[in-house]
């Protein structure tokens, strides 16, 4: 009889076959704990499901008929979990040696921690922002400035993020790109909120887990490599709209009417400005105007 799993890895994929295969290979190479792996394919057209069955026959494959969104797909995987700890892992992420064991050791040693997130780095080893404070207009403005400066590789931003990621702390949320959670904590809050199609479902999850009495922890020792946004680069227009929808949904759910109105105003203003900037002939400009018009409608009539 095979040993009962200590960790169930749930991986959602949408047209990321090559990254997905590398993600699964990293789990096989670097995880020594008894592991159950569930891959949920969100209606991919690139042969991901068959490729996984061929290369990793021990992986349980669930195929959705369409892209149901990250939260709904994760919940399908969670329903199959047989381990006390659940690893949510993006298909474009790769775990490094000892990462999963390090995360599991924290949950085993600290019974009040419900979710723990690792340090994530890019393919070049550069730091990433994978945790943060409660979402408010001010905190988001600060976080976006920092992330934008980091993306531009400004030395001061690299130094700030490197220092920030070097110490253990209790943020409001950790990224769903990679987190390890207690199954009872996830069950207690009903898993991920499936009204979030993309984005903010991890922030919402962490907030609800905190309200249920558990701590959220970021730890710098376990390391995971994350190739950012590989699924979303396949559908950039939809990705942008869902980002705005999820923001509005999160504010409607957790923030007061004043903060939500401020967010709507910001989104409407930026969409209108983008539409004006795209004026002119040509199919690219028409596509950008259409995208900005769709974003404006979401800002005005979103959730």
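Has segment 193-201 got any residue that is in contact (Cβ under 8 Å) with a residue 24 or more places away in the chain, assigned by TED's automatic domain parsing to the domain that holds residue 73 and in a strand (DSSP E or B)? Steps first, please.
Quick first cut of segment 193-201, residues in contact (Cβ under 8 Å) with a residue 24 or more places away in the chain only: 193-201.
After this cut, where a residue has to be assigned by TED's automatic domain parsing to the domain that holds residue 73 as well, the list is 193-201.
Retained after the next criterion (residues that are in a strand (DSSP E or B)): none.
Scanning segment 193-201, I find no residue that is in contact (Cβ under 8 Å) with a residue 24 or more places away in the chain, assigned by TED's automatic domain parsing to the domain that holds residue 73 and in a strand (DSSP E or B), so the answer is no.
The combined condition, being in contact with a helix residue (DSSP H, G or I) (Cβ under 8 Å, 6 or more places away or on another chain), modelled with pLDDT under 90 and within 22 Å of residue 68 (Cα to Cα), is not fulfilled by residue 260. Just the residues that are exposed (fewer than 15 other Cβ atoms within 10 Å of the Cβ) and closer than 25 Å to residue 204 by Cα, please, taken from segment 263-302. Correct list: 265, 297, 300, 301.
Among the listed residues 89, 103, 107, which satisfies the condition of being out of contact with any helix residue (DSSP H, G or I) (no Cβ under 6 Å at 6 or more places or on another chain), touching a residue at least 60 places away in the same chain (Cβ under 8 Å) and part of a strand (DSSP E or B)? Before you say what the answer is, go through the steps one by one.
Details: 103 fails: part of a strand (DSSP E or B); 107 fails: part of a strand (DSSP E or B).
So the residue among 89, 103, 107 that is out of contact with any helix residue (DSSP H, G or I) (no Cβ under 6 Å at 6 or more places or on another chain), touching a residue at least 60 places away in the same chain (Cβ under 8 Å) and part of a strand (DSSP E or B) is 89.
Would you confirm whether any residue within segment 163-174 is closer than 18 Å to residue 254 by Cα, in contact with a helix residue (DSSP H, G or I) (Cβ under 6 Å, 6 or more places away or on another chain), modelled with pLDDT of 95 or more and crowded, with 20+ Cβ neighbours inside 10 Å? Yes, some residue in segment 163-174 is closer than 18 Å to residue 254 by Cα, in contact with a helix residue (DSSP H, G or I) (Cβ under 6 Å, 6 or more places away or on another chain), modelled with pLDDT of 95 or more and crowded, with 20+ Cβ neighbours inside 10 Å. Whether any residue in segment 113-127 is out of contact with any strand residue (DSSP E or B) (no Cβ under 7 Å at 6 or more places or on another chain), surrounded by 21 or more Cβ atoms within 10 Å (Cβ to Cβ) and either at pLDDT below 95 or under 27 Å from residue 5 (Cα atoms) (or both) is what I want to check. Checked against the condition, which is being out of contact with any strand residue (DSSP E or B) (no Cβ under 7 Å at 6 or more places or on another chain), surrounded by 21 or more Cβ atoms within 10 Å (Cβ to Cβ) and either at pLDDT below 95 or under 27 Å from residue 5 (Cα atoms) (or both), segment 113-127 yields no hits at all. Residues of segment 210-228 that are outside any strand (DSSP E or B) and surrounded by fewer than 21 Cβ atoms within 10 Å (Cβ to Cβ): 210, 211, 212, 213, 227, 228.
Scanning segment 264-291 for residues that are in contact with a helix residue (DSSP H, G or I) (Cβ under 7 Å, 6 or more places away or on another chain) and touching a residue at least 40 places away in the same chain (Cβ under 8 Å) turns up just one, 291.
Name the single residue, out of those in segment 175-192 being touching a strand residue (DSSP E or B) at 6+ places or on another chain (Cβ under 8 Å) and in a loop (DSSP other than H, G, I, E, B), that is surrounded by the most Cβ atoms within 10 Å (Cβ to Cβ). Please lay out each step first, then the result.
Start the filter on segment 175-192 by keeping residues that are touching a strand residue (DSSP E or B) at 6+ places or on another chain (Cβ under 8 Å), which leaves 175-183, 185-186.
The next check asks that each one be in a loop (DSSP other than H, G, I, E, B); those that pass are 175-177.
Numbers: 175: 24, 176: 26, 177: 22.
In this case the residue turns out to be 176.
The values are calculated or read from the model by the stated rules, or taken from the named source; none is laboratory data. Since this is a predicted model, take the numbers as computed values, not measurements. Please note: Cβ atoms are built from the backbone with ideal geometry, for glycine as well, and neighbour counts cover all protein chains shown.
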